Amino acid sequence: MKSFKELGVHKDFVKALEGLNITTPSEIQNLAIPILLNGKTDLVGQAQTGTGKTAAFGLPLLQSIDVSRSEIQGLILCPTRELGQQIAKALFRFTKYSDKIFTEAVYGGEKIDRQIGALRRPTHIVVATPGRLIDLLKRKALSLDKVKTIILDEADEMLSMGFKKELNQILSFVPKDANKWLFSATMPHTIREMIKEHLSIDAPKVETSGKTLVNENIQHKYFVCDEDEKLHVLMQFIKSQHKDRGIVFCRTKKATQHLAKQLIAKNIATDAIHGDLYQKERDKVMRAFKKENLQLIVATDIAARGLDIDALSYVVHYQLPESEEYYTHRSGRTARAGNSGVSMAFVTAFERKKLMEYENTLGISFERVR
């Protein structure tokens, strides 16, 4: 493992990283940063969430910005508002001791006029969700003509959320010779198609931990029980975690709302996040959770994408997800930034087969609790 300085990161950024207690590059940072700093290139990076991808692409991007030009030179696309805010905040922190590099985050659920006003100021980097960026382009509120680098972060999530058309459209607005850096936790067929269509044929590919698609700091456990036992088992599990906080996943909005009501009735500080919530309501739940006024969030898969919460001790799969990709993304909410975490599945005897499939395809092993 090399230091950030040895990887070629500028001393001003290294100083900012040290101030954030980031001194040793993670695996994806070690693999990606030297390639991205070495000149013009496309890149495919495969790494699970919580492994330091933002610094892996963010530091080389910041280092490529010409601050004397007040035009958009970098574009980062991501699936959710929360992830967009998180990336913009990280870039701001990395530039504490460097020349001023201005980043603007734009996303749905916020007044578009306010974002148009913000984009009139000098902006070097835009972090955007695909839908909102298309709206801004239609209004001619920004130009991508001078973009030197476009980054697709959590590309698999963006495609599974139905943004394929928007991504293709955005890529057509960016200069053909722009660097294209794509990062994804999984590599389904749709991602491979996108790489083939938009990235250079000789784009280097970096991948963390060989076949491991899921963060190695996560302990995968399961509990065999009947459907009508699950609430009782969940209550026991929550008590065993004392004051530690987590997310409980259900497959549907109805199941999410029902379980949240049951937990509230048992005096567990809980709220639900699902696709039908307005952004304002969703933000309210997230604020309460971050302030530690809530112990649990019950969530659907789509609603929980891009959530970034420090020190999340566990995730519970109250209902198994519809696909192994969702299992990867759910589990990736815990054990972030080098911490450890637990991914606990409550399964019926019939569903145990599904866990064996996850073991084979995701390169993980489950420990049976009961």
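Run down the aspartates and glutamates and flag those whose C-alpha is under 18 Å from the C-alpha of Lys15, throwing out any fewer than 8 positions away in its chain.
Glu6, Asp99
List every residue whose amide H lies under 5 Å from the amide H of Ala272, counting only residues 5 or more places away in sequence or on a different chain, with H placed 1.01 Å from N in the peptide plane.
Val298
Using the structure shown, select from Lys243/Lys284; Lys53/Lys180; Lys89/Lys140; Lys205/Lys354; Lys164/Lys196; Lys53/Lys196 the pairs with a Cα to Cα distance greater than 24 angstrom. Show your work: numbers first, answer last.
Values: Lys243/Lys284 21 Å; Lys53/Lys180 15 Å; Lys89/Lys140 26 Å; Lys205/Lys354 30 Å; Lys164/Lys196 14 Å; Lys53/Lys196 22 Å.
With Cα atoms farther than 24 Å apart: Lys89/Lys140; Lys205/Lys354.
Quick one: which residues, 5 or more positions from Ala105 or on another chain, have an amide H under 5 Å from its amide H? H modelled 1.01 Å from N in the peptide plane, none for Pro or chain starts.
Sorted by chain and number, the residues that satisfy this are Val127.
Rounded to the nearest 0.05, what FRET efficiency is calculated for Ser143 and Ile112 with R0 set to 22 Å and r the Cβ-Cβ distance?
Working: r = 17 Å, r/R0 = 0.76.
E(calc), rounded to 0.05, equals 0.85.
Hey, what do the phi angles of the stretch 276-292 turn into as Karplus ³J(HN,Hα) couplings, whole Hz, using 6.51/-1.76/1.60 and θ = phi - 60°, x for Gly and Pro?
After applying 6.51 cos²θ - 1.76 cosθ + 1.60, I find 8, 6, 5, 4, 4, 5, 4, 4, 4, 4, 5, 4, 4, 5, 5, 7, 6 Hz.
If you take the beta carbon distance between Ile309 and Glu227 as r and set R0 to 30 Å, what does 1/(1 + (r/R0)^6) give as a FRET efficiency, to the nearest 0.05?
0.60
Hey, what angle do you get for helix 53-64 against the long axis of the chain, alpha-carbon based, 0 to 90 degrees rounded to 10?
Taking the Cα atoms of the chain, the angle to 53-64 is about 10 degrees.
Starting from the amide H of Thr252, placed 1.01 Å from N in the peptide plane, find each other amide H under 5 Å away whose residue is 5 or more places distant or on another chain.
Close amide H contacts, sequence-distant or interchain: none at all.
Mind listing the phi-derived Karplus ³J(HN,Hα) values for the stretch 245-260, rounded to whole Hz, using 6.51, -1.76 and 1.60 with θ = phi - 60°, and x for any glycine or proline?
10, x, 10, 10, 9, 10, 7, 10, 4, 4, 5, 4, 5, 5, 5, 4
How far apart, in nm, are two points set 7 Å out from the Cα along the Cα-to-Cβ line at Arg120 and at Val369?
5.5 nm
Applying 1/(1 + (r/R0)^6) with R0 = 45 Å to the Cβ-Cβ distance of Asn339 and Glu71, what FRET efficiency is obtained, to the nearest 0.05?
Efficiency, from the Cβ-Cβ distance: 0.70.
Under a cut-off of 22 Å between alpha-carbon atoms, report the lysines in cross-link reach of Lys353, not counting same-chain residues fewer than 8 places apart.
Counting by Cα, and skipping residues close in sequence, Lys353 has these lysines nearby: Lys211, Lys221, Lys230.
Could you tell me whether the chain comes out rounded, prolate or oblate from its Cα gyration tensor? Rule is a ≥ b ≥ c as square roots of the eigenvalues, rounded for a/c under 1.5, then prolate if a/b exceeds b/c, otherwise oblate.
Prolate shape, in that a/c is at least 1.5 and a/b is the bigger ratio.
Could you run the Karplus curve 6.51 cos²θ - 1.76 cosθ + 1.60 with θ = phi - 60° over the stretch 181-186 and give me ³J(HN,Hα) per residue in whole Hz, x for Gly and Pro?
10, 10, 10, 8, 6, 10
Bear in mind that the values in this text are calculations on the coordinates, not laboratory data. Predicted model only: the values in this text are computed from it and were never measured. Reconstructed Cβ throughout: ideal geometry from the backbone, glycine too, with neighbour counts over all protein chains shown.
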